[in-house]
Every structure is written in C-alpha cells, then in structure tokens.
Amino acid sequence: MILVVFLWSWRWRHARWGRFITTIEHECLHALIGMLTLIPVRELKVREDGSGHVLFEPPGHWLLYLAPYFIPLLLLIEVGLIGLLKLPNPFEEAALGAVMALTLMGHIRQIHPRQTDFRHAGILFTTTFLPTAFLLCYSAVFSLMNQEGPSGVLAMGQVWADMAWTDAQWVWETGLHWLGL
C-alpha cells in the first residue's frame, strides 16, 4: 500500500491512466447512485485527460452528489472478485492494499474547493458530512484489511452507533437544560 501511495505521489497522479481510472470510478458512482435512487441517467462521459460528467434528470440529492467522495467502488469490486477467485492470502493482501491506496489517492485528488458537486449538495452540509463519511468508510476498509472481516466492520458500526446515540442524548439533555425544562 505504501509503495502505491509513493508511486501515485511521485508519478502516477500525472499519468493520464491514473486520472482516467479515478475519474471513471467517480462518474460511475454518480450514475450508480442515480439509478439506485430512481433518477434517470442521461449521459456519462469520461475523457482521457481525467475530466468527466454525468447528466441526469434533476433534481438530484446529496447522496448522488457526495457518494463518489467516500464510497470506494473499485475497492468494493475488488473485494468481491477476491472472494470469487480465492487467491492465496499474500496476493489477496497485496491486491487489496494496492487498490485501496489507488482509491484513497483518487478520493483525495478529487476533494477540492472548486468541486461543483459540493455546491450542489450545499457547502455547509458537505463540510460537515463528508469528513465523517470518509472516516467511517475508510475505517470499515481498514477493518476488512486487518482480517477482521465483516464482523469487524459490524462491530465498528455498532461502536459508532453507540457513540452517536450517546451524543444525541447529551444534545437533547443540554437543550432541555438551556430551555429550563
């Protein structure tokens, strides 16, 4: 994984194929989420220079705009393929680490202030939601990589849910206290 991060930082991020792969993952996620939420997709274009777009029938929604910034589609496909191929463990770990690093670098490359998806989803919502979603998603990925499997991801989700419930209770009690109730 560290080797892929180094190669991406040094050479691959400037290569057309690197921008193309990360852009096609990004645009496919827009289209996939659109189709899953019954929004008709009219066009999907990705150019070899790393630019692209998806045209869909408006209106869109926050998940449609923000999913490509925290869902690692290539990694999910790769995990499914590894399960089907039954590769030996060292090859499985190497492939998982390489694709995870490529996906992570692609996500980081695509997060910048000029991103039109952020304006469509709302800047305030994006800046509050996206860091948490990004951390939650990649925490799940690291749980899978540490051989914890799906049970590790579920345990991590349970911890996050418990913490969210505790925080919600604290906010409720604090609000009632401020209102004098």
>> Among the residues of the stretch 86-95, are any in a helix (DSSP H, G or I), of a type in the set (A, V, I, L, M, F, W, C) and in contact (Cβ under 8 Å) with a residue 60 or more places away in the chain?
In response: no
Of those in the stretch 64-106 that are aliphatic (A, V, I, L, M), surrounded by fewer than 16 Cβ atoms within 10 Å (Cβ to Cβ) and within 18 Å of residue 36 (Cβ to Cβ), the residue farthest from the chain's Cα centre (by Cα) is 77
Does residue 124 meet the test of being farther than 17 Å from residue 29 by Cα, out of contact with any Leu (no Cβ under 9 Å at 6 or more places or on another chain) and in a helix (DSSP H, G or I)? yes
| query | Can you find a residue in the stretch 100-110 that is in contact (Cβ under 8 Å) with a residue 40 or more places away in the chain and on the phi > 0 side of the Ramachandran plot? | reply | no
Given the structure, is residue 114 basic (Lys, Arg), touching a residue at least 12 places away in the same chain (Cβ under 8 Å) and over 20 Å from residue 37 (Cα atoms)?
no
Worksheet item: Any chance the stretch 24-38 includes a residue that's in a loop (DSSP other than H, G, I, E, B) and at pLDDT below 75?
Response: no
Note on the stretch 50-76: residues of a type in the set (Ser, Thr, Tyr) and in a loop (DSSP other than H, G, I, E, B) are 51
- Can you find even one residue in the stretch 42-49 that is at pLDDT below 90, over 24 Å from residue 102 (Cβ atoms), among the hydrophobic types (A, V, I, L, M, F, W, C) and assigned to a strand (DSSP E or B)? no
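The values are calculated or read from the model by the stated rules, or taken from the named source; none is laboratory data. Please read all numbers here as calculations on a predicted model, not as lab measurements. As a convention, Cβ positions derive from the backbone with ideal geometry for all residues, glycine included, and neighbour counts pool all protein chains shown.
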